[in-house]
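Worksheet: the structure to be examined is printed underneath.
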Amino acid sequence: MRNIPAERLLLLLLLVPMLWLLPATGAAPPLTAEQLDTGVDWLSRFGYLPPPDPVTGQLQTKEALANAIKAMQRFGGLKETGVLDQATLGLMKQPRCSLPDVPEAEGTMGRRKRSLTPQNKWNKRHLSWRVRTFPKDSAVLGRDTVRALMYYALKVWSDIAPLNFHEVAGSDADIQIDFTKADHNDGYPFDGPGGTVAHAFFPGERFTAGDTHFDDDEAWTFRSPDSHGMDLFAVAVHEFGHAIGLVHTSAMESIMRPYYQGPVGDPLKYDLPYEDKVRVWQLYGVRDSVSHTNRPGSSSQTAEPPVLLDLPENRSTVLLAQDAPDRCSSHFDAVAQIRGEAFFFKGKYFWRLTREKHLVSLRPAQIHRFWRGLPTNLDSVDAVYERPGDHKIVFFKGLKYWVFKDNIVEEGYPRPISDFGLPSEGVDAAFVWLHNDKTYFFKDNHYWRYDDHLRRMDPGYPKDSALWKGLPPQLDDAMRWSDGNVTFNADLMLL
């Protein structure tokens, strides 16, 4: 057992008799002194009890402690027993927001920090935001994905209230977003995986007003099963609720409930519970119309809503398996630019390169787990490209092809590549040329030009690939970069 401070021990002595008030079921083991210490510490940390005063020695009465426990139970939706039973301790172990609950029920200690008063709100309607630091060790969340999730989490609130959020690159953002660990000098230290996962500061005149912090020790993800990580979008919506002035609530359906409740669905389609809409309307009023979250009349780095590609089904998809290829010692089967990011395919795996030319992870992810609908036994792909016009993604393997909307396969696929008028031997590479918006396919010494808008091959093809000066004799892949340049690869490595 760890050492317990003297003032805390005195407080525990008042709690010990309460153990015998538990229902006599005979099944629940007796609570230990350490469990009691954890419970009292939790009650103090989240606003139900004032901390013990080692100077005056003032302690709470047993009745006051019981009332605090009841308030916590009421706020958390538990049966009000007034004792630290197993259900209560279990709820205390749930991942949650770092901020106190500021209980609404009578009988609580009602302790509120000045920075946490619910009357706080922004006195302006155009607010800037910036992701200052990103997850450092995430194998699944790239910078563009994190920024997109922040955009949509803020948009949830601006869609219903007269607030406008715009992303900025400078250091003067109203809402500074950081991924950090442990004690980061703001009075709300993180505690490793689980426990407290994030917090945000309420509006006001302080330099930290609106700032939002996420625990970088969490396994952040999105659109994944609840057991495979902490859903970043769901937590961000909650924390941005604090950043605009909302406090915790005991309403079970509210996004502002302090406990992590798992994923809330597609960030592009999420709609706030009515409880939360009413609370933000009470602060800011109702938005006249739904619009983008940009400042009117100004440019923004997120002027167009960002696209969110899905993530792997679970974190096992990014673990480095024994058969995973070395990006530094092998060529690639296919490369493609998708949503502005570069994808490099080798065997059953792929790497992602962001717009800033940073690898999302040094570890590859499995292709079939990211693009849901490809065969689980797929050993490689021949070519991949993003279709012009509808921006759907096309995969080629052997004599078959698949079409994906984002990373979900369209109904009716796979289909034969003869739909394109391509040879029965398959293809080596494919890319879209911005100069004419046509798709080019390569196989051995020939190439074809295809019109994706009309869904037909251009007449006069195939042609000799020697017309492309400097083309490698054994072509593996080709890719158009965002600047319009095309790279043909016979032996490319990611360094």
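Computed from the coordinates by the stated procedures, all read-outs in this text should not be read as laboratory data. Source: prediction; values computed, not measured. Virtual Cβ from ideal backbone geometry, glycine too; neighbours counted across all protein chains shown.
For this structure, a couple of remarks:
- His446 versus Tyr461: modelled label distance in nm, points set 7 Å from Cα along the beta carbon direction: 1.2
- Amide H contacts of Asn407 (H built 1.01 Å from N, under 5 Å, at least 5 apart or other chain): Asp310
- For the range 416-427, 3J(HN,Hα) per residue [Karplus equation, 6.51 cos²θ - 1.76 cosθ + 1.60, θ = phi - 60°, Hz, x = Gly/Pro]: x, 5, 4, 4, 8, x, 8, x, 6, 7, x, 10
- Residues Glu386, Glu218, Glu410 arranged by fewest to most Cβ contacts within 10 Å: Glu410, Glu386, Glu218
- Ranked by how many other beta carbons lie within 10 Å on average, peptides 249-257, 334-342, 204-212 from highest: 334-342, 249-257, 204-212
- Cα convex hull of the range 126-284 - mean projected area over all directions, nm²: 8.8
- Excluding same-chain neighbours fewer than eight residues apart, the lysines reachable from Lys346 by a Cα-Cα span under 19 Å are Lys357, Lys397, Lys400, Lys443.
- Taking all Cα pairs closer than 8 Å and separated by 6 or more residues, the relative contact order of the range 126-284 comes to 23 percent.
- The alpha-carbon of Lys269 sits under 17 angstrom from the alpha-carbons of these lysines, leaving out residues fewer than 8 places away in its chain: Lys155, Lys277, Lys405.
- ³J(HN,Hα) computed for each position of the range 154-170 - Karplus, 6.51 cos²θ - 1.76 cosθ + 1.60, integer Hz, glycine/proline x: 6, 5, 3, 7, 6, 5, 10, 10, x, 10, 10, 10, 9, 7, 10, 9, x
- Annotation: amide H of His184 within the under-5 Å range of Phe190, sequence separation 5 or more or interchain, hydrogens built in the peptide plane.
- The phi-based Karplus calculation (6.51 cos²θ - 1.76 cosθ + 1.60; θ = phi - 60°) puts the 3J(HN,Hα) values of the range 231-237 at 5, 5, 4, 4, 5, 5, 4 Hz, whole numbers, x for Gly and Pro.
- Residues Lys357, Lys70, ranked from the fewest to the most other C-beta atoms within 10 Å, line up as Lys357, Lys70.
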